[in-house]
Amino acid sequence: MRIRLPDWALASFILCAVFTGRPAVADEAAIKNAGIDWAAFDALPDQDKSKFILAALDARDLALSNMRYTVRETAINIRKDDGSRRFMTKTDYEMRRLGDKCWMHLKPYTYYDPDGPVNMEVTVNWDGKKAKGLVPPEFSRSKTHKGEINPAENDNFSYRRLSELLGFRMRLVPKSMPVAQWLREAIARDATLEATKALNGTTTLMRVVIQDQRWRREIWLDPARGFMIVRFVNVYGKDYMKGTLEVIDTQQIAGVWVPKKAIGTSGTYHDKEVTEVTHEVKDFAIGTLKEHDLDIDFPVGTRVFDSINNVAYVVGADGK
């Protein structure tokens with residue numbers, strides 16, 4: 001006979017976060033020494049397995065609610081017939097996240113030339129209600145800064161896919177969201193979920209497969225490293241579109257396991273090439289950000305277009 005466990009008891013299975021009624025912190029020994037009792041997990045009803053997985057993702061999201069990291073992202077196209085590779089582009093960026101707020105500074109480089117110069121520089125943020133962007137004069141096609149205020153979050157927060165492995169943003173249409181939020185919504189609309197034990201070399205992982213309408217998505221979690229997401233697979237239809245994102249190397253920051261290097265591939269069945277994107281983390285910090293670190297201040301003389309209020313203006317000496 002199977003016994004239905006209450007939510008508080010389910011949480012006790014998750015060794016990466018102990019739900020005692022107080023907030024978890026990133027460097028707790030519980031997160032450092034994560035793991036899972038597979039026999040207990042396998043005995044759970046499917047509904048309780050879903051709660052278990054969501055609790056693990058929530059605990060990890062809390063541990064990463066104050067983080068900043070810098071990345072070199074390099075895109076290569078690979079031919080399916082002969083495996084030949086051609087350079088596409090690269091981007092350097094810094095990402096900051098504090099709760100639901102985020103900030104990013106990007107420097108994309110020239111396409112097709114691995115030694116080419118930076119061809120754009122932009123800083124963007126999102127405070128949960130509005131987005132701001134700032135482009136310096138050398139890239140604004142004018143002699144002044146260019147500023148924007150928009151009602152929608154900038155696509156780069158989900159387009160830069162390391163955020164998916166960190167659980168912060170999952171790229172979706174029409175709106176991207178945290179992985180845990182997407183999973184909750186998928187379950188609520190009766191998506192099927194299957195969670196099983198899977199071996200990856202000598203590592204035992206949890207493979208979570210979600211069939212959500214025509215999308216099949218796989219989230220691979222590593223219980224031994226705080227239930228970090230180590231692999232993400234997105235398949236549409238019968239392999240019409242497929243994307244895979246996998247952690248290649250890891251590091252532990254303030255007691256939390258995070259990616260150090262990841263590689264993603266994507267394409268469609270009729271493409272002659274697939275795109276491979278390598279994400280190399282140069283720096284990672286947890287717990288160091290303050291509210292003002294996510295601000296964007298428009299310098300005097302900035303030409304601003306505010307699409308929320310449908311006005312355009314030049315910032316004066318008083319900052320308005």
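The values are calculated or read from the model by the stated rules, or taken from the named source; none is laboratory data. Keep in mind the model is a prediction, meaning the values are calculated, not measured. Don't worry about glycine lacking a Cβ; one is built from the backbone with ideal geometry, like all the others, and counts go over all protein chains shown. For accessibility, only protein heavy atoms count, side chains too; no ligands or nucleic acids. Shrake-Rupley method; radii C 1.70, N 1.55, O 1.52, S 1.80 Å.
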**Message:** Considering only residues that are closer than 12 Å to residue 108 by Cα and aliphatic (A, V, I, L, M), which ones fall in the range 76-94?
**Reply:** 88
**Prompt:** Looking at (1) of a type in the set (D, E, K, R); (2) in contact (Cβ under 8 Å) with a residue 12 or more places away in the chain; (3) under 23 Å from residue 153 (Cβ atoms), which is the only condition residue 273 fails?
**Reply:** (3)
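Assess whether residue 64 counts as being crowded, with 16+ Cβ neighbours inside 10 Å, within 16 Å of the chain's Cα centre (by Cα) and aliphatic (A, V, I, L, M). Talk me through it step by step, then tell me what you get.
Values: crowded, with 16+ Cβ neighbours inside 10 Å: yes; within 16 Å of the chain's Cα centre (by Cα): yes; aliphatic (A, V, I, L, M): yes.
When the stated conditions are applied, residue 64 passes them.
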**Request:** Could you identify the single residue in 231, 207, 225, 214 that is touching a Gly at 6+ places or on another chain (Cβ under 7 Å) and among the charged types (D, E, K, R)?
**Result:** 214
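So, residue 222, is that one surrounded by 19 or more Cβ atoms within 10 Å (Cβ to Cβ), acidic (Asp, Glu) and within 29 Å of residue 47 (Cβ to Cβ) or not? Spell out how you get there, then give the answer.
Values: surrounded by 19 or more Cβ atoms within 10 Å (Cβ to Cβ): yes; acidic (Asp, Glu): yes; within 29 Å of residue 47 (Cβ to Cβ): yes.
Here the answer is yes, as residue 222 does meet what is asked.
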**Fill in**
When (1) over 16 Å from the mean Cα position of the chain (by Cα); (2) within 30 Å of residue 315 (Cβ to Cβ); (3) charged (D, E, K, R) are applied to residue 113, the one that fails is (2)
**Message:** Six or more apart or on different chains, Cβ atoms under 6 Å: show the pairs whose first residue is in the range 289-314 and on the phi > 0 side of the Ramachandran plot and whose second is outside any strand (DSSP E or B) and open to solvent by less than 100 Å² (accessible area, probe 1.4 Å).
**Reply:** 301/144
**Message:** Residues to consider are 58, 82, 46, 92; find the one that is modelled with pLDDT under 95 and either touching a Lys or Arg at 6+ places or on another chain (Cβ under 7 Å) or of a type outside the set (A, V, I, L, M, F, W, C) (or both).
**Reply:** 46
**Item:** Condition met for residue 93 (assigned to a strand (DSSP E or B), aromatic (Phe, Trp, Tyr) and more than 30 Å from residue 193 (Cα to Cα))
**Value:** yes
**Message:** Looking at residue 195 and the list (1) under 17 Å from residue 47 (Cβ atoms); (2) open to solvent by 20 Å² or more (accessible area, probe 1.4 Å), which single condition is not satisfied?
**Reply:** (2)
